[in-house]
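First comes the structure, then the notes that go with it.
The values are calculated or read from the model by the stated rules, or taken from the named source; none is laboratory data. The shown structure was predicted, so the numbers you read here are calculated from the model rather than taken from an experiment. In this analysis, Cβ positions are derived from the backbone assuming ideal geometry, glycine residues included, and neighbour counts consider all displayed protein chains. Only protein heavy atoms, including side chains, enter the accessible area calculation; ligands, DNA and RNA are left aside. Shrake-Rupley method; radii C 1.70, N 1.55, O 1.52, S 1.80 Å.
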Amino acid sequence: MKTYMIALIWLLTFRTVLTGNLDPALSDWTLITSRFMSFDLPIRKYVLQVKSSLPEDYDTNPVYNETVRVDKSTTMMVELYDGPTRVGRLTWNSIHYQRGYDVYTEECNNFYVSYRNFPCGGREQQIWAWKFNRDNVELSCDDEVQYSQYFSRGDPFRNLREKCRDLGRAQISRVAVRFMEGAYVRAVPMEIVQEPTTMEFRVATTFATTGPTGPTSSPPLPGPLSFNQDFPTCNCWTPECNYCSKIECTVKQDLINSNLGISVRSTLHWGKKKLNSIVFYDEKGRILGRFQLGLSGIYLTGCIRCQTPSKLRRARAPIGLTSWVLSLRNLVLQIKINEEVLFERKLRGECAYHYRAVRRFAFDGMNCENRFLLQSDMEIGDMMTPTCSDSCPAFSLADMFGVQRMPFS
């Protein structure tokens with residue numbers, strides 16, 4: 001009798017393993033009333049949405065140390081279950097922290113990952129959406145993607161590569177929400193979410209359609225492309241580039257063996273809100289990680305997280321754009337200004353193994369006024385045009401107003 005009751009309880013608790021049904025409570029907004037609630041949810045068929053509000057008081061740059069406990073009233077958490085086994089944990093915040101401690105997939109990320117900007121435009125009411133695609137998981141706020149993680153690209157630490165792949169293969173049938181009292185949750189069928197929700201998005205998705213002769217997003221370049229040409233740092237975090245996922249929005253360069261590196265002219269800012277960000281890819285266009293540079297810090301996903309050296313800060317241009325060169329030759333990350341090496345770090349172990357595959361790069365979140373130099377060992381993607389596929393003006397503001405152009409170092 002005891003064995004029968006245990007079996008009955010197990011079947012009732014994990015009934016989605018057998019039926020794949022959605023918990024009826026998630027068919028509409030359901031209020032979270034306790035610190036822990038669970039729901040049946042076949043997450044490959046539905047998008048989990050969370051409606052929350054910004055707290056009245058919050059600190060975007062709290063103190064982090066062993067003696068100070070940070071109030072995480074902004075934190076939300078979802079645990080993922082494949083039958084009775086917990087296979088994943090998603091943690092994110094309703095605000096954008098200056099240090100980038102924003103969102104974290106436990107099975108894939110060694111560190112918290114920064115949002116692209118302050119979520120939902122800083123509005124008090126927010127609608128978050130976790131969407132599990134075949135190859136990746138995405139988190140958006142009011143339809144703006146803030147985070148994307150490919151299951152094949154877990155960070156090279158703590159066996160996260162294999163754990164992240166396992167998460168992508170898991171048959172998730174149930175979710176549990178934690179620390180979300182007062183928020184609302186619901187599930188929306190995947191096929192509905194995949195449809196464009198606004199006219200603006202429909203225009204964006206038709207912008208990069210292809211024809212028999214290739215992409216038609218912009219007219220062909222006038223004449224042959226010359227090397228040492230000054231190009232805008234086209235932002236890949238756009239719907240046209242599928243949020244840095246289209247190979248046509250990348251530049252092909254064997255950075256590991258390149259003597260030239262990437263020459264950039266950009267504004268260097270304080271804080272993590274406006275970092276110069278370069279996405280690294282392998283030959284097939286799969287994201288390996290991001291290099292980020294600012295006056296406060298230097299970051300390489302999973303491997304480097306340190307303060308910017310004072311000599312590099314002093315070397316920046318006092319006004320306007322600073323010319324700097326990024327090199328990964330022989331797996332040594334270098335930053336140079338005026339031919340002087342101001343930062344150097346040798347990649348070793350798993351970091352060296354992970355980033356030795358870098359063959360492409362793209363710029364993430366850098367505006368039209370920032371520039372890079374097209375070198376002789378580079379091949380630009382079809383959407384990397386002098387106008388960034390019509391998203392940037394034909395001339396920079398410096399050209400338009402006659403400001404003297406700064407030479408590359």
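For this structure, a couple of remarks:
- Filter pass, Asp155 being of a type in the set (Asp, Glu) and assigned to a loop (DSSP other than H, G, I, E, B): yes
- Answer residue from segment 102-124, given it is in contact with a Ser or Thr (Cβ under 6 Å, 6 or more places away or on another chain) and open to solvent by 20 Å² or more (accessible area, probe 1.4 Å) and is nearest to Tyr58 (Cα to Cα) among those: Glu124
- Checking Lys274 against (1) at pLDDT below 90; (2) at negative phi; (3) open to solvent by less than 30 Å² (accessible area, probe 1.4 Å); (4) not hydroxyl-bearing (Ser, Thr, Tyr), the condition it does not meet: (3)
- Filter pass, Arg329 being touching a residue at least 12 places away in the same chain (Cβ under 8 Å) and more than 25 Å from Trp237 (Cα to Cα): yes
- One residue stands out in segment 57-86 among those that are open to solvent by 60 Å² or more (accessible area, probe 1.4 Å) and at pLDDT 75 or above: the one that is farthest from Glu138 (Cα to Cα), namely Asp57.
- Pick from segment 286-316, criterion part of a strand (DSSP E or B) and among the polar types (S, T, N, Q), ranking: nearest to Lys336 (Cα to Cα): Gln292
- Sole residue being under 18 Å from Met190 (Cβ atoms), in contact with a Cys (Cβ under 9 Å, 6 or more places away or on another chain), open to solvent by 10 Å² or more (accessible area, probe 1.4 Å) and not acidic (Asp, Glu), chosen from Ser152, Ser148: Ser148
- Tabulated pairs, segment 238-253, first within 11 Å of Asp364 (Cα to Cα) and among the aromatic types (Phe, Trp, Tyr), second open to solvent by 40 Å² or more (accessible area, probe 1.4 Å) and part of a loop (DSSP other than H, G, I, E, B), C-beta under 9 angstrom, 6+ apart or interchain: Tyr243/Arg116
- Phe343 within 29 Å of Ser391 (Cβ to Cβ), of a type outside the set (Val, Ile, Thr) and either touching a strand residue (DSSP E or B) at 6+ places or on another chain (Cβ under 6 Å) or surrounded by 14 or more Cβ atoms within 10 Å (Cβ to Cβ) (or both): no
- Selection status of Ile319, free of Cβ contacts under 8 Å to residues at least 40 places away in the same chain, farther than 20 Å from Tyr353 by Cα and hydrophobic (A, V, I, L, M, F, W, C): yes
- The listed residue being part of a loop (DSSP other than H, G, I, E, B) and surrounded by 15 or more Cβ atoms within 10 Å (Cβ to Cβ), out of Arg134, Arg99, Arg89: Arg99
- The set of residues in segment 349-365 that are assigned to a loop (DSSP other than H, G, I, E, B) and either farther than 24 Å from Glu240 by Cβ or open to solvent by 10 Å² or more (accessible area, probe 1.4 Å) (or both) comprises Arg356, Ala357, Arg359, Gly365.
- Counting the residues of segment 317-338 that are surrounded by fewer than 17 Cβ atoms within 10 Å (Cβ to Cβ), at positive phi and either part of a helix (DSSP H, G or I) or among the charged types (D, E, K, R) (or both) gives 1.
- Flag if Asp390 is more than 21 Å from Asp254 (Cα to Cα), open to solvent by less than 60 Å² (accessible area, probe 1.4 Å), modelled with pLDDT under 85 and acidic (Asp, Glu): no
- Meets criteria (closer than 27 Å to His96 by Cβ, part of a loop (DSSP other than H, G, I, E, B) and at pLDDT 85 or above) for Leu268: yes
- Whichever residue in segment 47-56 is of a type outside the set (Lys, Arg) and surrounded by fewer than 20 Cβ atoms within 10 Å (Cβ to Cβ) and, among such residues, is modelled with the highest pLDDT: Gln49
- Near pairs, Cβ below 8 angstrom, 6+ apart or cross-chain, from segment 120-131 (in contact (Cβ under 8 Å) with a residue 12 or more places away in the chain and within 14 Å of Trp92 (Cα to Cα)) to any residue that is of a type in the set (D, E, K, R) and open to solvent by 60 Å² or more (accessible area, probe 1.4 Å): Cys120/Glu144; Gln126/Lys51; Ile127/Lys51; Trp128/Lys51; Ala129/Asp143
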